[in-house]
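Only one structure is covered here, and it is reproduced in the block below.
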Amino acid sequence: MPGLTTDQLEQFGHDGYLIVENVLDSDDLAAIRAEYDEIMDRVAVDLVDRGVIRPLSGRSFSERYIEAFAQLDDMYTLYQHLEISLPMLDLLEPTATMNTGPAVFGLLTNSRLLDIAESVIGPEIYSNPVQHARIKPPSSALPDAATDANVAKTVWHQDAAVVEPVADETDTLTVWVAMTDATVDNGCLIAVPRNGYQDRTLHCPGKLFQAEIYIPDQIIDQQRVIPLEVGAGGIVLLHKLTEHASPDNTTDDIRWSFDLRYQPIGQPTGRDVFPGFVARSMADPDSVLSDHQQWAQLWWDARDRIASGEVDMRFGGRWNHNSTQPVCA
Ligand SMILES: O=C(O)CCC(=O)C(=O)O
């Protein structure tokens, strides 16, 4: 599949978002679903053996996920096995886990995603480690206090605000991949079109977790908010300054997506305790990381370095000065 057309690029430049349908094919989606089915089965067996949950009766991933979720007090018990990054906690457990499976690596290095990324950022492509799996059960199945954007609604923010200031000039592109249809009802992305240039908006430090920074609702131009619905296998591109969020999932099924980020090689990622890698390079093809095991090992090594205190997580301070602003109260 070729990259973006000139019209699509122009639209992206103007609006700060672009919906592209049918980017992943059914084999791509099936590989990821199979990986997640396997994880779900493995984790469920362990949780049942330990008496944490009752055996699951659901057949599909979605049914089993919702059923397991409803029985857990702590979402991380299950979620940490499904997320594709480490939790942004100051104190990371040495046993913290995540999914670094081959299907996720296949997604990060998918040639159609890279063709599209290349249209925007050029042929020297680095996979930025700010990446997440979001598997959102019906909001009715969530505990009232659940605010984590991996499973609950996502507060307003710009992606340029979630990284360290060292990456302020980095040309990061967010590629949001729909694993299920994303609709208004199940909490698709919503965004404020940029209309060309826009700067960083004020963000407040997160209330429960410092890392969950947010733009207060009252400074979002609500009249201009639009939903970004897209079918399973489609993607949404976001400019790093585009204000976006996602509302509650009011359906009775899951809303599942991955958000990945790409940037030109050599620019700071803004989260350098986590590992990125060269995903495509015309200038130095030998530098491309194509071995899944090597990539996975980068993440486990990062976990060990952070958990042992060899490196600090070092995140989240950049918006703390706004905590006394009335708008952040
Ligand atoms: O999927 C979501 O709910 C939020 C995704 C997001 O904020 C992002 O991709 O930056």
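When His14, His239 are arranged by Cβ crowding within 10 Å, least crowded first, meaning fewest neighbours, the order is His14, His239. In this structure the amide hydrogen of Trp156, modeled in the peptide plane, comes within under 5 Å of the amide hydrogens of Ile215, none closer than 5 places in sequence on its chain.
Taking 25 °C and 0.890 mPa s as conditions, the range 6-328 diffuses translationally at an estimated 121 µm²/s according to Stokes-Einstein applied to its Kirkwood radius (Cα pairs).
Can you list which of the GluC sites (Glu not before Pro) found in the range 1-54 are DSSP loop residues with at most 13 other C-beta atoms within 10 Å? Show your work: numbers first, answer last.
Working: sites: Glu10, Glu21, Glu35, Glu38; in loops: Glu21.
Counting only loop positions with at most 13 other Cβ atoms within 10 Å, the GluC sites (Glu not before Pro) in the range 1-54 are Glu21.
Under a 5 Å amide H cut-off, with hydrogens placed 1.01 Å from N, Arg255 pairs with Lys136 among residues at least 5 apart or on other chains. A simple rule links phi to the HN-Hα coupling: the Karplus curve 6.51 cos²θ - 1.76 cosθ + 1.60 with θ = phi - 60°, which for the range 46-54 gives 5, 5, 5, 4, 8, x, 7, 10, 7 Hz, with x for Gly and Pro. Each residue of the range 12-28 is assigned a 3J(HN,Hα), and the resulting list reads 4, x, 7, 8, x, 8, 8, 9, 10, 7, 6, 8, 8, 9, 5, 5, 4 Hz, derived from the Karplus form 6.51 cos²θ - 1.76 cosθ + 1.60 (θ = phi - 60°), x at Gly and Pro.
Based solely on its DSSP helices, what 222 nm [θ] is calculated for the chain when runs of n ≥ 4 H residues each add -39,500 (n - 2.57) and the sum is averaged over all residues, nearest 500 deg cm²/dmol? The partial results should precede the final answer.
Numbers: 7 runs with 82 residues, N = 329.
Per the formula, -7500 deg cm²/dmol.
By its C-alpha gyration tensor, with a ≥ b ≥ c as the square roots of the eigenvalues, how is the range 1-156 shaped: rounded for a/c under 1.5, else prolate for a/b larger than b/c, else oblate? Prolate, since a/c reaches 1.5 and a/b exceeds b/c.
Cα centroid separation, the range 281-313 to the range 130-153: 27 Å.
So, counting K/R as plus one and D/E as minus one, what does the shell of residues with Cβ under 13 Å around Phe105 add up to?
Working: positive: none; negative: Asp28, Glu35, Asp291.
Its environment carries a net charge of -3.
Counting neighbouring beta carbons within 10 Å and listing from fewest to most, the residues Trp299, Trp156 come out as Trp299, Trp156.
What is the fewest-to-most order of Arg194, Arg261, Arg42, Arg271 by other Cβ atoms lying within 10 Å of their Cβ?
Numbers: Arg194 20, Arg261 27, Arg42 11, Arg271 23.
Ordered from fewest to most neighbouring Cβ atoms within 10 Å, Arg194, Arg261, Arg42, Arg271 come out as Arg42, Arg194, Arg271, Arg261.
Modelled label positions at Arg224 and Arg42, each set 7 Å beyond Cα in the direction of Cβ, lie 4.6 nm from each other. Rounded to the nearest whole Hz, the Karplus-based 3J(HN,Hα) values (6.51 cos²θ - 1.76 cosθ + 1.60, θ = phi - 60°) of the range 77-84 follow the sequence 3, 9, 5, 4, 7, 9, 5, 10, with x at glycine and proline.
Computed from the Cβ-Cβ distance with R0 of 45 Å, the FRET efficiency linking Val166 to Ser57 stands at 0.35. Comparing Cα centroids, the range 57-79 and the range 192-229 end up 30 angstrom apart.
Read-outs: derived from the displayed coordinates by stated rules, not from any lab. Quick caveat: nothing in here was measured; it's all calculated off a predicted structure. Glycine gets a Cβ as well: all are built from the backbone with ideal geometry, and neighbour counts include every protein chain shown.
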